[in-house]
Protein chains: 2
Amino acid sequence: MSVSVREASPRDLVTVGRLLHDFNREFGEESPPPEVLGGRLEALVDGGDTAVLLAGDDASGVAVLRYRRAIWSEGLECYLAELYVVPERRGQGIGRALMTAAIEHARARGADRMEIGVDEPDTAARGLYESFGFTNRSGGALMFVYERDL
Amino acid sequence: MSVSVREASPRDLVTVGRLLHDFNREFGEESPPPEVLGGRLEALVDGGDTAVLLAGDDASGVAVLRYRRAIWSEGLECYLAELYVVPERRGQGIGRALMTAAIEHARARGADRMEIGVDEPDTAARGLYESFGFTNRSGGALMFVYERDL
């Protein structure tokens with residue numbers, strides 16, 4: 001069964017806000033309410049550096065892409081900021097369909113590199129990314145994300 | 001000895017391009033020529049999402065910050081895209097001065113989170129970041145960067 005993926009319209013963004021809200025809550029993290037997230041995504045999409053991809057007629061998954069000009073190349077760099085599939089629809093190729101659409105979107109937009117941050121225990125996501133040719137090694141060395149609140 | 005750090009002016013950006021070029025060459029990677037990097041940085045700084053900090057009167061180190069609006073908070077997120085100190089000036093507190101200035105810059109700009117990508121063997125940089133409160137763990141789990149060319 002093929003899974004349709006389309007770019008979210010402004011009227012989808014509260015639905016997307018709910019998906020991202022559920023995403024964070026599933027992992028026990030704080031989240032702003034869905035309508036706040038939806039409003040923020042609308043501002044980001046309007047600002048031009050963000051695209052939101054929605055899977056299926058039932059909004060069973062979402063990918064959020066952030067773009068900016070690269071330093072080391074003429075193109076854009078794409079950051080896959082979020083990728084989420086609702087629990088009851090996992091294992092049905094929705095993540096795979098979202099990743100395929102995300103890479104197509106990024107190439108069409110002029111990105112020549114895509115980056116993702118992933119936690120080590122998230123083996124399902126890591127396996128998905130690796131199956132799409134992503135690696136967490138540079139010249140053999142693991143690449144870490146370091147972060148802090150300011 | 002204190003190390004002065006200032007925001008680079010447009011006329012500094014070819015110098016900064018040379019530093020970044022030397023940075024990449026030191027690690028055996030391809031790099032565009034300094035003047036191309038300088039021109040690209042000028043466009044990024046003009047575009048408003050990038051700040052370049054330069055250490056010392058002799059341009060002994062550089063930090064490049066990228067900003068964008070966050071999804072999970074009202075503020076900006078800051079990505080420390082580059083941090084480089086010339087080999088002959090290492091161990092003199094220049095990286096520390098650049099990090100102090102980078103955090104001040106990000107807070108003043110309205111960022112509430114800073115993120116960095118670091119290779120595992122780069123223990124000097126990792127130690128520096130950790131001494132500034134950065135961590136590569138989220139709830140105990142290591143956080144990886146995954147990437148691929150498109």
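The values are calculated or read from the model by the stated rules, or taken from the named source; none is laboratory data. Since the structure is predicted, the reported quantities are computational estimates derived from the model, not experimental observations. Quick reminder, even Gly has a Cβ in these numbers, built from the backbone with ideal geometry, and neighbours come from all protein chains shown. Keep in mind that these areas ignore ligands, DNA and RNA; they rest on the heavy atoms of the full protein, side chains included. Shrake-Rupley method; radii C 1.70, N 1.55, O 1.52, S 1.80 Å.
Numerical summary
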quantity: FRET efficiency estimate (nearest 0.05) - Cβ-Cβ, B:Glu30 to A:Glu7, R0 35 angstrom; calculated: 0.55
quantity: For residues of A:116-123, the mean tally of beta carbons on other chains within 10 Å; calculated: 5
quantity: Test item: Cα-centred dipole of the range A:48-90, Lys/Arg +1 and Asp/Glu -1 on Cβ, debye; calculated: 140
quantity: Average beta-carbon neighbours from other chains, 10 Å sphere, peptide B:80-91; calculated: 1
quantity: Most positive-pole-ward Cα, A:Val62, A:Pro121, A:Leu76, against dipole of the range A:37-136 from beta carbon charges; calculated: A:Leu76
quantity: Mean Cα-pair separation over length for the range A:58-150, i.e. relative contact order, pairs under 8 Å, 6 or more apart, %; calculated: 25
quantity: Computed over the range A:70-113: relative contact order in percent, which uses C-alpha pairs under 8 Å that are six or more apart; calculated: 59
quantity: Selection from A:Gly38, A:Ala97, A:Phe27 lying farthest towards where the dipole of chain A points positive, charges on Cβ; calculated: A:Ala97
quantity: Most to least accessible of B:Val45, A:Val64 (protein chains only, probe 1.4 Å); calculated: B:Val45, A:Val64
quantity: Relative packing of A:3-9, B:24-30, which averages over residues the other C-beta atoms within 10 Å, highest first; calculated: A:3-9, B:24-30
quantity: Per-residue [θ]222 nm for the protein assembly as shown (sum of -39500 (n - 2.57) over DSSP H runs n ≥ 4, rounded to 500); calculated: -11000 deg cm²/dmol
quantity: Low-density loop positions, trypsin sites (Lys or Arg not before Pro), the range B:63-97 - DSSP coil, at most 16 other Cβ in 10 Å; calculated: B:Arg90
quantity: Rounded to 5, the percent of DSSP beta bridges in chain B classed as antiparallel; calculated: 85
quantity: Gained length - B:Gln92 relative to B:Arg109, 0.36 nm times residue gap less alpha-carbon distance; calculated: 3.4 nm
quantity: Beta bridges per DSSP with both ends in the protein assembly as shown, % antiparallel, nearest 5; calculated: 90
quantity: Dipole magnitude (debye, nearest 20) for the protein assembly as shown, charges at Cβ of Lys, Arg, Asp, Glu; calculated: 40
quantity: Helical segments meeting 18 Å axial Cα length and Kyte-Doolittle -0.5 threshold in chain A (DSSP H); calculated: A:13-26, A:34-47, A:94-109
